[in-house]
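Below is one structure; the comments refer to it alone.
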């Protein structure tokens, strides 16, 4: 089996998915074409109409094992998580812990260059997803978190806490965020799911979106 390694690139380099795809389709197509879904099985399923939502694999599994849930019929993994937009608009849909009023830095460590992001409450982090940062100063989302990694990591975390999604463990998710923060430094950082592969901010978001249902 051949693994397509993604070459190093500037973190701000845009990806250009086909114009005919929806936003979620764009994310999944970008995910597979970038070498994140290197398995032939995964790429084939993701390209079939109606099958994109069934792509359900951990970071390492997305590179090697395809649909991990197919290997665990007794305890299938699920990718029924909710998106940042869902949590931003449905506080009643949050798990009992953590509370929306907790600061982001109390749940996830941030490096010095993103200290202001850490000072936001969890609810305010979702407001940085393409918007102003909840009214706290003149900073836009591209200043705080240019690829919206924090809001997607937080949504994945809430999905784990509420058991909406089981494909990622909390330990795996924290490893993704920690490496992104401290390999290269936050806004230009990356996560390595396996040796020789680097996922930059937009790659991490594209992967996490495959674990969301809505």
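Filtered by the rule that a residue be touching a residue at least 24 places away in the same chain (Cβ under 8 Å), in contact with a strand residue (DSSP E or B) (Cβ under 8 Å, 6 or more places away or on another chain), surrounded by fewer than 22 Cβ atoms within 10 Å (Cβ to Cβ) and part of a loop (DSSP other than H, G, I, E, B), region 155-213 gives 184, 198, 213.
No other residue among 88, 99 is assigned to a loop (DSSP other than H, G, I, E, B), over 16 Å from residue 181 (Cβ atoms) and at pLDDT 90 or above apart from 99. As for region 35-48, it holds no residue that is at pLDDT 50 or above, within 21 Å of residue 175 (Cα to Cα), under 15 Å from the mean Cα position of the chain (by Cα) and buried (at least 19 other Cβ atoms within 10 Å of the Cβ).
The values are calculated or read from the model by the stated rules, or taken from the named source; none is laboratory data. As the structure is a computational prediction, the values presented were derived from the model and not from experiment. Reconstructed Cβ throughout: ideal geometry from the backbone, glycine too, with neighbour counts over all protein chains shown.
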